[in-house]
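The values are calculated or read from the model by the stated rules, or taken from the named source; none is laboratory data. All figures in this text were calculated on a predicted structure; none of them were measured in a lab. Neighbour counts run over all protein chains shown; Cβ positions are idealised from the backbone, glycine included.
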Amino acid sequence: MASALFSPITMRELTLPNRIVVSPMCQYNSNNGSANDWHLMHLGSLSLGAAGLVMCEMTNVNPQGRISPRCAGMYSDDNEAALKRVHDFCRTYGVAKLGFQLAHAGRKGPTLPPGAGGKPLLTPEEGGWTPEAPSALPYDQGWPVPHALTKDDVRRLIGEFVTATERVNRIGYDLIELHGGHGYLLHQFMSPLSNQRTDEYGGSIENRIRFPLEVFAAVRKAWPQEKPLGIRVSATDWVDGGWTPEEAVVLARELKQLGCDFMDVTSGGLDPRQKIPLAPGYQVPFGAKVRKETRLTTMSVGLIAGARQAEDIIASGQADFVVLARGMMYDPRWAWHAAEELGADTAYAPKMMACHPKLRPQLFPSRQSPAS
């Protein structure tokens, strides 16, 4: 039986050869928002490994939107030129399609990078800045109080998302995913825990999803019609009184009307009080709910590690894609090994063909089975 995991799928004019996605992974290693040799190595290596789609890390539309001073941005000519170098390397030597995650961290910055302790930066002298968010509510005790966005700020931000989108298109990416999960700005508007506005952007679910929908509509207009556009969404805050899976379905229906091609369904990240019941594939049911109730293409992410597990998720119709981060860090050739385990074929970068399983008898004749 043919592998579901290694079956092709088409969104708009983009056809992906399999259902495996390398998740966006924050690297905390940019210089003034710009990629460098680390990103060339990191993304270049992953582009060789035959996942259908390799996503770059969360990349922010303005300097205030970064999590840390070392986070990626797409708000300057230098940012654009630096990432184009990385993109072009991946395109020249790799086999994967290339996706871009566009974001704004909102009140979840500024901090030191996790490797440096991750503590909030409260003053400019520490390298910090005043974050911006729907309401003047800090992420946690000891975090900076954000500037509550005015309506003029909202309009500015929509423009910044559009300008960044135009830069991404000039670079040449195949797909964009907006980051509406993990407690970042779009998610902060959605959840009543972080959005206590009394204008048309707060209160009812229709108001709380207004800004994310406006951002999506503006980006969809700026992004070429032949290229897919989707969004990552946390389906639950894992806190009583927060954003819910049922609200995620409402959002998905509205996004679909605006031309959304997929929803990457994750959870949590908005509130430090969250209690997440970690287990293999623990977020898969959320994506399955969105897919079943809206017929929107979905991606599932979170503690998906084994080839059989991934195959079962796709074959059972719980998701259209599986998204891996830690699994890909541990094994950048995960997709090759999954294909071998499932008896499927997948692409190898031309300069990597010497290690293709079909060539192993010639490479390692001692490993051949004796003739019968």
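Taking segment 257-276 as the range and being exposed (fewer than 15 other Cβ atoms within 10 Å of the Cβ), over 25 Å from LEU175 (Cα atoms) and without any contact (Cβ under 8 Å) to a residue 60 or more places away in the chain as the test, the residues that pass are ARG273, LYS275, ILE276.
Across segment 64-89, the qualifying residues are those that are charged (D, E, K, R) and in contact with a strand residue (DSSP E or B) (Cβ under 6 Å, 6 or more places away or on another chain), and the one among them that is surrounded by the fewest Cβ atoms within 10 Å (Cβ to Cβ) is ASP78.
Of all the numbered requirements in (1) over 18 Å from GLN318 (Cβ atoms); (2) in a loop (DSSP other than H, G, I, E, B), TYR282 misses one, and that requirement is (1). Name, by its number, the condition in (1) of a type outside the set (S, T, N, Q); (2) surrounded by 14 or more Cβ atoms within 10 Å (Cβ to Cβ); (3) more than 25 Å from the chain's Cα centre (by Cα) that does not hold for PRO113. Every listed condition holds for PRO113 apart from (3). Only a single item in (1) touching an Asp or Glu at 6+ places or on another chain (Cβ under 6 Å); (2) at pLDDT below 95; (3) not β-branched (Val, Ile, Thr) is not met by GLY115, and it is number (1).
Taking helices (runs of 4 or more DSSP H) as the structural unit, those lying wholly within segment 127-209 and holding at least 3 residues that are in contact (Cβ under 8 Å) with a residue 60 or more places away in the chain correspond to 151-171, 185-190. For segment 97-126, give me each residue that is among the hydrophobic types (A, V, I, L, M, F, W, C), part of a loop (DSSP other than H, G, I, E, B) and out of contact with any Leu (no Cβ under 8 Å at 6 or more places or on another chain). Scanning segment 97-126 gives a single hit, LEU122. Among the conditions (1) crowded, with 16+ Cβ neighbours inside 10 Å; (2) within 19 Å of the chain's Cα centre (by Cα), the only one that GLU311 does not satisfy is (2). Looking across segment 1-57 at every residue that is over 19 Å from the mean Cα position of the chain (by Cα) and among the acidic types (Asp, Glu), the one that is farthest from GLU177 (Cα to Cα) is identified as ASP37. Of the numbered conditions (1) at pLDDT 95 or above; (2) buried (at least 24 other Cβ atoms within 10 Å of the Cβ), GLY49 satisfies every one except a single condition; which is it? It is condition (1) that GLY49 fails.
Okay, residues lined up against (1) free of Cβ contacts under 8 Å to residues at least 24 places away in the same chain; (2) over 20 Å from LEU16 (Cα atoms):
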| position | (1), (2) |
| --- | --- |
| TYR282 | yes, yes |
| ALA288 | no, yes |
| THR294 | no, yes |
| ALA325 | no, no |
| MET329 | no, yes |
| LEU342 | no, no |
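For segment 287-303, check the following and say yes or no: at least one residue is farther than 22 Å from MET190 by Cα and surrounded by 15 or more Cβ atoms within 10 Å (Cβ to Cβ). Yes, segment 287-303 contains a residue that is farther than 22 Å from MET190 by Cα and surrounded by 15 or more Cβ atoms within 10 Å (Cβ to Cβ).
Would you say GLU80 is in a strand (DSSP E or B) and acidic (Asp, Glu)? Considered against the rule, which asks whether it is in a strand (DSSP E or B) and acidic (Asp, Glu), GLU80 comes out as no. From the list ARG308, ARG291, the one residue that fits, being assigned to a helix (DSSP H, G or I), within 23 Å of GLN101 (Cβ to Cβ) and among the basic types (Lys, Arg), is ARG291.
Can you list the strands (runs of 3 or more DSSP E) found entirely within segment 2-56 that contain at least 2 residues being touching a residue at least 60 places away in the same chain (Cβ under 8 Å), touching a Ser or Thr at 6+ places or on another chain (Cβ under 9 Å) and among the β-branched types (Val, Ile, Thr)? Don't jump to the end; show me each part of the working.
Numbers: elements: 9-11, 14-16, 20-22.
Hits in segment 2-56: 20-22.
Note on segment 68-96: residues that are over 30 Å from THR346 (Cα atoms), in contact (Cβ under 8 Å) with a residue 24 or more places away in the chain and of a type outside the set (A, V, I, L, M, F, W, C) total 9.
Number of residues in segment 316-333 that are farther than 16 Å from ALA4 by Cα, surrounded by 15 or more Cβ atoms within 10 Å (Cβ to Cβ) and not basic (Lys, Arg): the value is 6. Just a yes or no: is a residue in segment 246-256 touching a residue at least 60 places away in the same chain (Cβ under 8 Å) and under 27 Å from LYS227 (Cβ atoms)? Within segment 246-256, one or more residues are touching a residue at least 60 places away in the same chain (Cβ under 8 Å) and under 27 Å from LYS227 (Cβ atoms).
When residues of segment 326-372 are filtered for being closer than 28 Å to ARG91 by Cβ, part of a loop (DSSP other than H, G, I, E, B) and modelled with pLDDT of 90 or more, how many remain?
Final tally of qualifying residues: 9.
Has segment 186-193 got at least one residue that is surrounded by 18 or more Cβ atoms within 10 Å (Cβ to Cβ), closer than 19 Å to CYS26 by Cβ and in contact with a helix residue (DSSP H, G or I) (Cβ under 7 Å, 6 or more places away or on another chain)? Yes: one or more hits.
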